[in-house]
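Accompanying notes for the structure given below.
No lab work stands behind these numbers, since they all come straight from the coordinates. Model, not experiment: these values are computed from the prediction. All Cβ positions, glycine included, derive from the backbone under ideal geometry; neighbour counts span all protein chains shown.
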Amino acid sequence: GAMPAAGALTLTFEQVTFGYTKYEPVLQDISFQLPAGHVLGIVGRTGSGKTTLSRLLFRMYDPQSGQICLNDVPLTEMRLVDLRQRLSLITQDVQLFDASVRDNLTFFDRSISDQQIHTVLAEIGLLDWYQALPEGLATRLGPTGNGLSAGEAQLLAFARVFLTHPDLVILDEASSRLDPVTEQVIEKAVDRLFEQRTGIVIAHRLATLQRVDEILVIEHGRIVEAGPRATL
Ligand code: ATP
């Protein structure tokens with residue numbers, strides 16, 4: 001299917017309505033446009049539909065009505081594998097596969113060199129972790145991450161983004177219990193993450209909201225406020 005040009009990606013939600021069951025909409029009539037290179041903060045209370053919105057983006061579910069487009073191409077017209085290559089999700093529950101550290105970091109892209117991986121791991125503060133791996137990049141991680149701490153797992157997800165260059169990054173900051181040092185490293189990674197990228201932050205921290213260009217406030221599945229950060 002058609003794909004938008006890399007690096008110039010605009011995301012549009014057009015009157016999107018979705019519910020996990022037919023009769024209980026979780027998102028109602030959601031419309032917004034996120035221009036390429038901007039970062040959108042989504043805030044709302046528990047259960048307001050924030051996570052559901054990111055699931056729609058990855059097409060874990062499709063809207064009951066309305067549509068979602070990347071550069072005016074509806075997600076439903078893209079190949080799923082292409083779509084998911086262009087997006088990256090960073091959450092507390094980092095998805096790891098039963099594969100080597102290298103493959104987990106590169107999504108099996110063999111064109112990424114060891115040197116590139118080392119550089120990114122060093123930048124992100126994972127060098128000590130890496131140096132303790134019994135077989136270096138060839139060490140198998142396993143689906144549960146083989147003893148990775150929550151902080152390390154999150155940093156791995158950042159490293160992945162820096163190595164694979166997705167066009168749109170969704171950061172779901174569930175209030176995690178990270179030690180202050182890891183917290184600081186992650187703050188820095190977030191800064192770098194959004195330097196030149198289109199992004200969505202499901203924000204739980206005020207610090208992160210200061211980095212976004214626009215904010216959507218969702219309540220009970222509806223947008224109740226939207227606009228540039230400065231005006232809200
Ligand atoms: P939080 O801030 O707690 O993560 P949220 O804003 O991300 O909340 P969602 O997880 O999107 O909210 O949930 C929105 C609504 O959809 C809630 O009422 C929730 O119970 C419901 N819901 C979420 N996932 C499912 C599911 N897989 N099946 C059925 N209902 C679901």
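Each helix, a run of at least 4 DSSP H residues, gives -39500 (n - 2.57); summed and divided by the residues of the chain, these come to -8000 deg cm²/dmol at 222 nm. Helix 114-123 axis versus longest C-alpha principal axis of the chain: approximately 70°, rounded to the nearest ten. Coupling constants for the range 50-59 follow from the phi torsions by the Karplus curve (6.51 cos²θ - 1.76 cosθ + 1.60, θ = phi - 60°), and in residue order they are 5, 5, 4, 4, 6, 5, 5, 4, 7, 6 Hz; glycine and proline get x.
So for the range 1-127, averaging the separation of alpha carbon pairs under 8 Å that are six or more residues apart and normalising by length, what relative contact order in percent results? Normalised by residue count, the contact order of the range 1-127 is 25 percent. The C-alpha atoms of the chain define a longest principal axis, and helix 150-164 lies at about 80 degrees to it. Per-residue Karplus couplings for the range 224-230, computed as 6.51 cos²θ - 1.76 cosθ + 1.60 with θ equal to phi - 60°, are listed in order as 9, 8, 7, x, x, 3, 4 Hz, Gly and Pro entered as x. Of the peptides 111-122, 52-63, the ranking by mean beta-carbon count within 10 Å, highest at the top, reads 52-63, 111-122.
When the range 11-231 is described by a simple charge dipole with +1 on each Lys and Arg Cβ and -1 on each Asp and Glu Cβ, the residue from Gly227, Ser149, Leu53 located farthest towards its positive end is Leu53. Peptides 180-193, 12-25 ranked from most to least packed by the mean count of surrounding Cβ atoms within 10 Å: 180-193, 12-25. With a ≥ b ≥ c the root eigenvalues of the C-alpha gyration tensor of the range 11-231, is it rounded (a/c under 1.5), prolate (a/b larger than b/c) or oblate? It is prolate, given that a/c is not under 1.5 and a/b is the larger ratio. Here's the picture: charge each Lys and Arg Cβ at +1 and each Asp and Glu Cβ at -1 in the chain, and of Thr106, Leu70, Pro134 the one pushed furthest to the positive end of that dipole is Leu70. Amide H to amide H, with H built 1.01 Å from N, Leu171 comes under 5 Å of Ile90, Ile200, Val201, Ile202, counting only residues 5 or more places away or on other chains.
For the range 11-231, a crude dipole built from +1 on the beta carbon of Lys and Arg and -1 on the beta carbon of Asp and Glu, taken about the Cα centre, is about 200 debye to the nearest 20.
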